[in-house]
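Right, one structure below, let's go through it.
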Amino acid sequence: MSLSDVANVVEIIGIFAILFGVVFGLVQLNQSRRQRRELAILECARSFEDKDFTEAYRLISRLPAGISVADFEKLGDQYEAAALRVGMKFETMGLLVHRGVVPIDAMSDLVGGAALTIWNVIQPWVEETRIQRLHPTFWEWYQWLVERLLDRGRADRPPVFLTEKNWKEPNH
């Protein structure tokens, strides 16, 4: 084998090494993105375990959908504080979904029903608050999130305990 043949073999090995490095790097990048998303989903799930949020959700979710602003305000500061607590949580979720930190399908599965339930109760109050306080962006990301959930048919889908009743654990 001549020196030229050896150089050609080394060059071919070098090309394969570069290709392997690029492929390996892309696989690692994909795994890193997937892991980052999974961590974001986990953190979102944990954030809804907050005792204050749970109490606020309990108060607001018991109210009738579309309660009038006057009737809502008669309930007192405790209910407004609860609405603010719950609304800010969903405002944050809307922004995280929009930025791609949390996938909308995961957010929908995790708390989509809760987001819609609360929005249906407080929407008149939110709209009136925007006008009274000259704050048109008040809970803009929450409203955006609700609209995306509705676009995806979230309000009309059957419960997961029905759609996934034949689920089998995946083999890993």
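What to note about this one:
- Residues (within 16 Å of Val121 (Cα to Cα), crowded, with 16+ Cβ neighbours inside 10 Å and out of contact with any Ser or Thr (no Cβ under 8 Å at 6 or more places or on another chain)) located in the range 85-97: Arg85, Val86, Gly87, Phe90, Glu91
- Qualifying residue in the range 83-97 (condition: assigned to a helix (DSSP H, G or I), out of contact with any Phe, Trp or Tyr (no Cβ under 6 Å at 6 or more places or on another chain) and aromatic (Phe, Trp, Tyr)): no
- Qualifying positions in the range 37-64 - at pLDDT 95 or above, among the hydrophobic types (A, V, I, L, M, F, W, C) and outside any helix (DSSP H, G or I): Leu63
- Restricting attention to the range 149-163, the residues that are part of a loop (DSSP other than H, G, I, E, B) and either more than 19 Å from the chain's Cα centre (by Cα) or exposed (fewer than 11 other Cβ atoms within 10 Å of the Cβ) (or both) add up to 4.
- In the range 154-172, the residues that are closer than 24 Å to Ala115 by Cβ form Cβ pairs under 6 Å with partners that are assigned to a helix (DSSP H, G or I) and polar (S, T, N, Q), at six or more places apart or across chains, as follows: Arg154/Ser108.
For every residue, the table says whether it meets (1) under 30 Å from Gln78 (Cα atoms); (2) surrounded by 10 or more Cβ atoms within 10 Å (Cβ to Cβ); (3) within 22 Å of the chain's Cα centre (by Cα); (4) not hydrophobic (A, V, I, L, M, F, W, C).
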{"residue": "Ser4", "(1), (2), (3), (4)": "no, no, no, yes"}
{"residue": "Ala7", "(1), (2), (3), (4)": "no, yes, no, no"}
{"residue": "Leu19", "(1), (2), (3), (4)": "no, yes, no, no"}
{"residue": "Val23", "(1), (2), (3), (4)": "no, yes, no, no"}
{"residue": "Asn30", "(1), (2), (3), (4)": "no, yes, yes, yes"}
{"residue": "Glu38", "(1), (2), (3), (4)": "no, yes, yes, yes"}
{"residue": "Leu42", "(1), (2), (3), (4)": "yes, yes, yes, no"}
{"residue": "Asp50", "(1), (2), (3), (4)": "yes, yes, yes, yes"}
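- Among residues of the range 70-82 being of a type in the set (A, V, I, L, M, F, W, C) and part of a helix (DSSP H, G or I), the one that is surrounded by the most Cβ atoms within 10 Å (Cβ to Cβ) is Ala82.
For every residue, the table says whether it meets (1) in contact with a strand residue (DSSP E or B) (Cβ under 9 Å, 6 or more places away or on another chain); (2) closer than 24 Å to Leu39 by Cα; (3) among the small types (Gly, Ala, Ser).
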site	(1), (2), (3)
Ala65	no, no, yes
Leu84	no, no, no
Gly100	no, yes, yes
Ser108	no, yes, yes
Ile118	no, no, no
Glu127	no, no, no
Ile131	no, no, no
Arg148	no, yes, no
Asn166	no, no, no
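- Residue check, Ile67 under 13 Å from Thr117 (Cβ atoms) and in a helix (DSSP H, G or I): no
- Considering Val126, Val146, Val121, the condition of being closer than 26 Å to Arg62 by Cβ, surrounded by 13 or more Cβ atoms within 10 Å (Cβ to Cβ) and in contact (Cβ under 8 Å) with a residue 60 or more places away in the chain is satisfied by Val121 alone.
The values are calculated or read from the model by the stated rules, or taken from the named source; none is laboratory data. Fair warning: this is a prediction, and the values are worked out from it, not measured in the lab. Every residue, glycine as well, gets a Cβ built from its backbone with ideal geometry; the counts of neighbours run over all protein chains shown.
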